[in-house]
Amino acid sequence: MKYLIPILLLFASSHAQAQSKLSVGPVAGGNASGVNLHKADAANGPHLDFNSLLSWQAGLFVAYRASERSSFSIQPVFVRRRSSYATDFGTPHIRVDYLEIPVLYRYHISKKFFAEAGAYAGFRLDGRSFLNGEEIQSAFGTLTDWQADTDLGGILGIGYKISGPLHLSLRFAQGLADLYPDLQYTDNTGQPLRERPIYLNRSVSLQLSYDLLYR
């Protein structure tokens with residue numbers, strides 16, 4: 001019995017210390033998403049030029065403070081990506097919804113500023129194409145129907161601590177996985193192109209996060 005109280009005190013102290021290193025809360029913001037052509041040689045052949053459009057994302061974050069300046073986080077978020085491309089019959093725009101799970105390392109440069117780097121995995125939830133405000137229907141499928149179900153990429157960012165629990169982050173995300181791996185491209189004679197276009201996701205986002213466990 002005489003050892004029980006010290007053990008309980010030690011457990012409570014360790015639990016409180018672990019809790020003080022954890023951060024949990026909501027995150028939300030806006031993004032400008034686009035699709036970029038990866039292979040420069042393919043730009044001389046048939047390809048699409050995408051333009052970025054504004055959209056939004058929201059989710060949660062869980063962070064663990066490893067030291068006074070370093071922390072790691074995982075942030076499952078719902079991300080809506082929007083972009084457009086020019087055609088002979090108008091300018092369709094595409095809307096693709098993802099569940100993205102970034103894993104980030106954060107380094108606090110000072111008390112107010114920090115830098116971030118990491119990677120993300122994205123899982124496509126839905127995709128639709130629109131022209132003049134109406135959804136495009138096609139028996140052969142639209143661009144969003146042909147998109148890959150998963151996406152992988154890297155993230156770089158900077159941020160600012162507005163107050164104790166409130167942080168502002170500016171991030172650049174570059175996809176590394178081909179969005180249309182199953183699309184086939186041919187020349188005027190019907191022969192497959194030697195250098196087929198490879199399209200990658202790309203976005204810039206600005207978001208706020210709030211630590212619910214901040215004391």
Exercise for review: Would you mind finding the one in A115, A177 that is of a type outside the set (V, I, T) and closer than 18 Å to A63 by Cβ?
Suggested key: A115
Review point. Based on what the data block shows, is G122 modelled with pLDDT of 95 or more and of a type outside the set (V, I, T)?
Key: yes
Check your understanding: Given the structure, is G164 free of Cβ contacts under 8 Å to residues at least 60 places away in the same chain and within 30 Å of E68 (Cα to Cα)?
Key -> yes
Review point. So how many residues does the range 68-83 have that are among the small types (G, A, S) and modelled with pLDDT under 95?
Key: 1
Check your understanding: Does the range 102-117 contain at least one residue that is within 16 Å of S55 (Cα to Cα), at pLDDT 95 or above, within 12 Å of the chain's Cα centre (by Cα) and not hydroxyl-bearing (S, T, Y)?
Key -> no
Check your understanding: Tell me, which residue of the range 73-128 that is β-branched (V, I, T) and within 25 Å of L166 (Cα to Cα) is surrounded by the most Cβ atoms within 10 Å (Cβ to Cβ)?
Key -> V79
Exercise for review: Sort through G153, G122 and tell me the only one that's touching a residue at least 60 places away in the same chain (Cβ under 8 Å) and within 19 Å of the chain's Cα centre (by Cα).
Suggested key: G122
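Residue-by-condition table, conditions (1) at pLDDT 80 or above; (2) outside any loop (DSSP other than H, G, I, E, B); (3) farther than 17 Å from E116 by Cα:
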site: A177; (1), (2), (3): yes, no, yes
site: L183; (1), (2), (3): no, no, yes
site: T189; (1), (2), (3): no, no, yes
site: P197; (1), (2), (3): no, no, yes
site: S205; (1), (2), (3): yes, yes, no
site: L208; (1), (2), (3): yes, yes, no
site: R215; (1), (2), (3): yes, no, yes
Check your understanding: Taking the condition in contact with a Phe, Trp or Tyr (Cβ under 9 Å, 6 or more places away or on another chain), under 22 Å from L179 (Cα atoms) and not aliphatic (A, V, I, L, M), does T87 pass?
Key -> no
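The values are calculated or read from the model by the stated rules, or taken from the named source; none is laboratory data. Everything numeric here is computed off the predicted structure, so don't read it as measured data. Note that we place each Cβ from the backbone using ideal geometry, even for glycine, and neighbour counts take in every protein chain shown.
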